[in-house]
């Protein structure tokens with residue numbers, strides 16, 4: 001049975017996940033929550049099988065072995081008009097009517113608790129003529145401010161906190177204004193922002209070439225200097241007007257400098273995403289969900305869950321400490337079925353989102369607690385043995401998820417957009433084992449996409465403050481703030497792996513393999529991400545924490561290395577007064593280690 005060992009964990013459950021109807025408490029215990037969620041997911045099963053699968057789902061939920069996405073825990077089996085999906089991407093077209101229709105759709109999605117990603121590159125740049133009205137466009141950043149205000153308004157009504165991702169292409173004429181937008185501490189606070197980076201741009205940076213900022217050419221425009229470029233949502237290159245030229249390295253420098261000073265923008269590698277997309281034959285993806293782990297087409301949606309690896313450690317801190325791989329595999333089989341069921345039992349803010357979700361049946365099963373596992377097994381984060389273990393674990397979970405999806409296709413049918421010959425030509429699919437490819441060919445597959453690494457911040461707190469996703473431990477003890485409907489609460493919290501160590505050894509010191517975010521170099525982060533990326537057909541949410549005195553000159557190398565390693569995106573965080581802090585280290589008495597104070 002699950003037990004809360006950190007006061008903040010029970011508070012998180014009570015505030016964010018406990019079911020209340022009006023003023024009446026429905027979930028009296030966390031077990032009531034798990035039973036509610038298990039019952040809801042089992043409703044997708046045939047009536048005679050529901051009790052069986054309800055028990056199977058409950059078994060992996062009750063002791064935090066499997067952590068569904070927060071939207072699922074909060075909404076499944078309730079009468080609340082909410083979606084169980086964490087992730088959506090929404091379209092924006094370049095007309096005032098379409099823009100404000102997109103704003104309405106975004107508000108409806110946020111109202112039900114969904115996070116949204118937008119590619120604002122479709123909007124005309126600032127100063128661009130609007131011929132039918134004789135006026136001039138105000139540019140993407142100005143419209144992002146409207147979305148930001150809408151999100152703030154939704155929060156003031158008491159809706160679940162939503163998040164947004166704002167993306168702009170590296171060749172959009174307003175890219176410099178976009179990069180600088182969040183240098184203002186009051187600007188676009190409800191957005192994460194990322195630059196959509198292309199192979200062509202990265203080559204131009206490498207070769208120190210000029211770079212054209214462009215916008216698709218209107219069919220009526222003649223005698224314009226133009227170039228053919230990929231554009232948002234288009235699988236083929238389109239004719240674009242050249243608006244401005246600048247040095248590629250100059251623009252790259254601005255991206256890096258803003259990330260260094262303000263922790264944004266991140267970068268998203270468009271060509272890498274699309275080259276590895278399982279649905280390459282019908283999608284060109286130009287946007288992700290708010291944290292970047294789910295690249296999606298317009299109206300695309302995905303629901304998430306994570307295998308909590310800390311619950312599979314045998315004999316922690318001993319000479320024979322190990323992971324129970326058999327149990328991980330069995331849990332993964334049940335969790336995959338659970339997430340597929342969520343697609344059928346969830347509400348959807350918009351019909352278009354439901355249609356896309358049912359046609360692709362994307363799921364995102366990942367891992368959390370990885371850094372805690374390294375510590376309990378005596379491995380340093382980023383060491384060769386830790387990289388090997390991370391790869392081994394993710395390979396097992398990935399292959400198990402794919403095999404389970406094939407079995408679900410036999411039972412329930414393949415996803416609607418499945419075209420066997422084209423699907424098997426996908427780069428990611430071609431790297432799967434021959435046996436899996438043969439089974440896909442003969443039986444189909446239930447879900448188009450399967451695995452991801454999400455941030456898992458709040459659900460990791462719920463599970464007694466385990467380390468998030470594949471991130472390193474932030475600190476042994478730290479102060480955490482959480483937002484409530486009445487304000488901000490602050491808690492002193494202790495890391496899960498440290499608590500296990502102290503309970504077993506009765507020693508007031510750090511475990512031998514202790515590694516936290518302040519003691520790592522960027523290469524450690526990149527290597528861990530690269531170790532699991534080959535097994536992730538969605539993407540990875542990963543923040544590279546760097547100390548305040550990290551040399552700016554080396555940051556360009558970090559983003560470039562991420563690209564060369566085949567990662568789909570990269571985000572860094574360096575302490576700065578503009579971004580603020582959710583976590584603050586608590587330095588124990590007698591510990592004079594110099595620690596970074598923000599995260």
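Summary of computed values
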read-out	value
Net lengthening on full extension, residue 219/residue 484 (0.36 nm per residue, minus Cα-Cα)	90.3 nm
Protection proxy ranking of 461-470, 286-295 - average other beta-carbon atoms within 10 Å, highest first	286-295, 461-470
Percentage relative contact order, region 87-275, counting C-alpha pairs under 8 Å, at least six apart	19
Whether region 225-315 is rounded, prolate or oblate, judged on the alpha carbon gyration tensor where a/c under 1.5 counts as rounded	oblate
Antiparallel DSSP beta bridges within region 87-275, as percent of all bridges there, nearest 5	40
Approximate shape of the chain as ellipsoid semi-axes (Cα gyration tensor, √5λ), whole Å, largest first	37, 29, 25
Two-site FRET efficiency, residue 95 against residue 20, from Cβ-Cβ distance with R₀ of 45 Å, rounded to 0.05	0.60
Cα gyration tensor, region 448-566 - rounded (a/c under 1.5), prolate or oblate	prolate
Beta bridges by DSSP in region 396-516, antiparallel share as percent, to the nearest 5	90
Percent antiparallel among DSSP beta bridges (both partners in the chain, rounded to 5)	55
Estimated 222 nm signal from helices in the chain, with DSSP H stretches of n ≥ 4 weighted -39500 (n - 2.57), rounded to 500	-11500 deg cm²/dmol
For region 167-197 versus region 377-428, the gap between their alpha-carbon centres in whole angstrom	33
Cβ crowding within 10 Å averaged over residues, with 487-493, 328-334, 536-542 ranked highest first	536-542, 328-334, 487-493
Listed peptides 547-553, 238-244, 371-377 by packing density, highest first (mean Cβ within 10 Å)	371-377, 238-244, 547-553
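Only the coordinates and a few stated rules stand behind these numbers; no lab work does. Every value quoted in this text rests on a predicted model; they were computed, and no experiment measured them. Every residue, glycine as well, gets a Cβ built from its backbone with ideal geometry; the counts of neighbours run over all protein chains shown.
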